[in-house]
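The structure appears below as structure tokens.
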Amino acid sequence: MTSPTPLLDFFKRGEVARDVRLMAAQGVLSPRAHEQLMILVLLLEDPDPEIREIAEETLGRIPVEALQTFLARPDVPVGLREFFGDRGVFPADDVPAIEADEPLIDTEPAEQPDDEEEGQESVTQKLANMNFTARLKAAVKGSREMRSILIRDPNKMISAAVLSSPKLTDTEIEGYARMTSVSDEVLRTIAHNRTWTKRYGVVLGLTKNPKTPLSLGLNLMSRLNDRDLQMLSVDRNVAEPLRIAARKRILSGASRRG
């Protein structure tokens, strides 16, 4: 799939505490549809029998029609189709291709913010008073302002949850690509997602970001237009090898035109 799976990767590595695995099994943690479904399937083999049982119950609560429509997406892994095929659920026929990222099940919808309460306590203060699981839920289901703060959270699972949020917009991704206050892991996740890097603003932001790993910057640089390549070649904020590579590319382009 072209979509990244930052949260799923934590589950695959076995780096998720029981309370978070339980939230995911219950359908409370509701990342994008493809990631939610793969996490639930993964939890069917959890070492904790309670989590396995709850994940099975949650999967059973997803409407069959929603599953069939999702499985008809061209980017669904074959293994996931085979898993549900063994359970008698097959991709729907004659349905338009969908790219919707909304979770297939959400047993605890996000609360609507109270405007009066928002005025009394800032978002930063609210997040500071939250425990880990509350911040994790806020990263997936919270407001844009919450995501802009939590993407910089020192806990890598929190920032991964932001990138797994179905509410995340392309404009936000462009902003994160330019941020020097996020971890290089966040930048790697963005750079390795073909859907996000189809946007020129994301490519430019990552290339000019001094926090982007050099190998990724060098690879993305080839997609810059002449004007931005020229600016990169004299940008003192980026690594010297990147500036040198940009100058070489400019000279190479000039010689070809000559």
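Using a probe of 1.4 Å on the protein chains alone, the accessible area found for Arg87 is around 110 Å².
If I build a Gaussian network model for the chain, linking alpha-carbon pairs within less than 10 angstrom, which residue out of Gln125, Gln26, Gln36 has the largest mean-square fluctuation? Ranking Gln125, Gln26, Gln36 by mean-square fluctuation puts Gln125 first. Based on DSSP H segments of at least four residues, each scored -39500 (n - 2.57), the chain has a per-residue ellipticity at 222 nm of -16500 deg cm²/dmol.
Express the carbon and sulfur contribution to the solvent-accessible surface of the chain as a percent, rounded to the nearest whole number, probe 1.4 angstrom. That fraction is 49 percent. For region 204-255 versus region 169-193, the spacing of their alpha-carbon centroids is 18 Å.
When a/c reaches 1.5 or more, the comparison of a/b and b/c decides; with that in mind, is region 168-258 rounded, prolate or oblate per its Cα gyration tensor? It comes out prolate by the Cα gyration axes.
For region 137-177, the Kirkwood hydrodynamic radius comes to 9.7 Å, computed from all pairs of different C-alpha atoms. Residue by residue, region 167-181 carries 3J(HN,Hα) couplings of 8, 5, 10, 4, 5, 5, 4, 4, x, 5, 4, 8, 5, 8, 9 Hz when phi is fed to the Karplus relation 6.51 cos²θ - 1.76 cosθ + 1.60 (θ = phi - 60°); x denotes Gly or Pro.
Per residue, the accessible area of the chain comes to 52 Å², computed with a 1.4 Å probe over protein heavy atoms only. In whole angstrom, the chain maps to an equivalent ellipsoid with semi-axes of 37, 24, 16, each derived as √(5λ) from the alpha carbon gyration tensor and ordered largest first. Relative to the longest principal axis of the Cα atoms of the chain, the long axis of helix 49-61 makes an angle of roughly 90 degrees.
The values are calculated or read from the model by the stated rules, or taken from the named source; none is laboratory data. Note that the coordinates shown come from a computational prediction; the quantities given were computed from them, not determined experimentally. Keep in mind that these areas ignore ligands, DNA and RNA; they rest on the heavy atoms of the full protein, side chains included. Shrake-Rupley method; radii C 1.70, N 1.55, O 1.52, S 1.80 Å.
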